[in-house]
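Before any comments, here is the structure.
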Amino acid sequence: MMFHRQPQGLIEMAFDYRKYAAFKPVRKTNRRWPDQIIEKAPTWCAVDLRDGNQALVKPMTVAQKQRLFDLLVKLGFKQIEIGFPSASQPDFDFCRKLIDEGRIPDDVKIQVLTQARPELIERTYEALKGAKQAIVHVYNSTSTVQREQVFGLDRAGIREIAVKGATHVRDLAAKRRKPSGPSSIRQKASPALSWILPPKWSTP
Ligand SMILES: CC(=O)SCCNC(=O)CCNC(=O)[C@H](O)C(C)(C)COP(=O)(O)OP(=O)(O)OC[C@H]1O[C@@H](n2cnc3c(N)ncnc32)[C@H](O)[C@@H]1OP(=O)(O)O
Ligand SMILES: CC(C)C(=O)C(=O)O
């Protein structure tokens with residue numbers, strides 16, 4: 001039941017679900033994921049530490065990030081995106097502090113964001129030296145306006161950025177696994193802002 005304010009007071013009305021269009025399933029017969037149904041809680045990854053610090057003029061300080069990280073650990077998150085170490089010195093320093101001071105519980109994986117650019121991917125691995133495990137989250141934007149205005153590329157060019165970036169992350173993971181790099185690296189790739197594209201462009 002829902003309540004609506006009317007001149008005569010609050011009126012109880014049944015929720016009219018017919019006002020809303022039903023979700024249209026994505027029909028892709030060559031892929032398994034559109035038919036899959038979530039039946040148990042997924043592994044949640046907190047991205048608060050990065051979203052609040054991605055491109056701010058005045059980002060969170062290392063001390064503020066530490067407080068939020070400790071809270072996220074206390075809340076039970078097992079994957080925590082701690083920032084974008086190649087984008088700012090505070091994010092780089094925060095990553096180093098967590099690793100150097102042994103502040104990451106063994107059952108928690110830190111995740112770091114990077115654009116699909118070789119120099120940034122390399123700086124990201126510098127930030128991760130000595131981490132026991134980590135997830136490197138590499139992304140490039142796929143939206144039409146950014147494809148045309150930022151990258152000046154066609155769709156094949158955008159795919160190439162993604163493939164090159166992912167390959168670089170994989171190669172560095174293999175190369176740096178020992179002795180100084182993280183002993184276990186997982187990779188995550190995001191076609192950023194794909195939700196503003198029609199599914200035929202945004203679903204591989
Ligand atoms: C919700 C989100 O957070 S979406 C993610 C962030 N937004 C985007 O990726 C949108 C597209 N990108 C942009 O609008 C801009 O690149 C910004 C705002 C992220 C950065 O702007 P600037 O600091 O001015 O950097 P600029 O756009 O010049 O990029 C520098 C170079 O990196 C390239 N680049 C930017 N993002 C990426 C990426 N994710 N992967 C690979 N290359 C990239 C650019 O094409 C440019 O290359 P060039 O020097 O050969 O021309
Ligand atoms: C940077 C990317 C991965 C992102 O956060 C988004 O597209 O929302």
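The values are calculated or read from the model by the stated rules, or taken from the named source; none is laboratory data. Since we're looking at a predicted model, the values are computed, not measured. We place every Cβ from the backbone using ideal geometry, glycine too, and count neighbours over all the protein chains shown.
As for region 16-29, it holds at least one residue that is β-branched (Val, Ile, Thr), exposed (fewer than 11 other Cβ atoms within 10 Å of the Cβ) and under 30 Å from Glu160 (Cα atoms). The condition (being among the aliphatic types (A, V, I, L, M) and either away from ligand 1 (no atom under 15 Å from the Cβ) or not in a helix (DSSP H, G or I) (or both)) is satisfied by just one residue among Leu120, Leu153: Leu153. On the basis of being modelled with pLDDT of 90 or more and in contact with a helix residue (DSSP H, G or I) (Cβ under 8 Å, 6 or more places away or on another chain), does Ala189 make the cut? No, not satisfied.
Of all residues in region 49-83, those satisfying the criterion of being in a loop (DSSP other than H, G, I, E, B), within 19 Å of Ala134 (Cβ to Cβ) and of a type outside the set (Lys, Arg) are Asn53, Gln54, Phe77.
Within region 40-59, residues that are touching a residue at least 12 places away in the same chain (Cβ under 8 Å) reach partners that are exposed (fewer than 13 other Cβ atoms within 10 Å of the Cβ) and in a helix (DSSP H, G or I) with beta carbons closer than 9 Å, at six or more positions or on different chains, in the pairs Ala46/Leu75. Of the residues making up region 129-166, just one is aromatic (Phe, Trp, Tyr) and within 13 Å of Ala189 (Cβ to Cβ), namely Tyr139.
What about Pro199, is it more than 9 Å from ligand 1 (Cβ to nearest atom), surrounded by 13 or more Cβ atoms within 10 Å (Cβ to Cβ), at pLDDT below 75 and within 20 Å of Leu113 (Cβ to Cβ)? So Pro199 fails the test. Taken as a whole, the structure places Ala87 among residues that are within 16 Å of ligand 2 (Cβ to nearest atom) and assigned to a loop (DSSP other than H, G, I, E, B). Restricting attention to region 30-42, the residues that are surrounded by 10 or more Cβ atoms within 10 Å (Cβ to Cβ) and charged (D, E, K, R) add up to 2. Kindly indicate whether Arg170 is in a helix (DSSP H, G or I), modelled with pLDDT of 75 or more and closer than 19 Å to Phe94 by Cβ. So Arg170 does not fit the description; no.
Is at least one residue of region 60-82 among the hydroxyl-bearing types (Ser, Thr, Tyr), at pLDDT below 95 and within 24 Å of Ala173 (Cβ to Cβ)? Taking every residue of region 60-82 in turn, none turns out to be among the hydroxyl-bearing types (Ser, Thr, Tyr), at pLDDT below 95 and within 24 Å of Ala173 (Cβ to Cβ). Only one of the listed residues (Gly157, Gly165) is of a type outside the set (Val, Ile, Thr) and out of contact with any strand residue (DSSP E or B) (no Cβ under 9 Å at 6 or more places or on another chain). That residue is Gly157. I'd like to check something: does region 48-59 contain any residue that is within 24 Å of the chain's Cα centre (by Cα), at pLDDT 85 or above, under 25 Å from Lys78 (Cβ atoms) and exposed (fewer than 10 other Cβ atoms within 10 Å of the Cβ)? No, because not a single residue in region 48-59 is within 24 Å of the chain's Cα centre (by Cα), at pLDDT 85 or above, under 25 Å from Lys78 (Cβ atoms) and exposed (fewer than 10 other Cβ atoms within 10 Å of the Cβ).
Of the residues making up region 135-150, those that are more than 7 Å from ligand 1 (Cβ to nearest atom) and either over 21 Å from the mean Cα position of the chain (by Cα) or assigned to a helix (DSSP H, G or I) (or both) are Thr144, Val145, Arg147, Glu148, Gln149. Within region 90-107, being surrounded by fewer than 18 Cβ atoms within 10 Å (Cβ to Cβ), part of a loop (DSSP other than H, G, I, E, B) and not basic (Lys, Arg) holds for Glu101, Gly102, Pro105, Asp106, Asp107.
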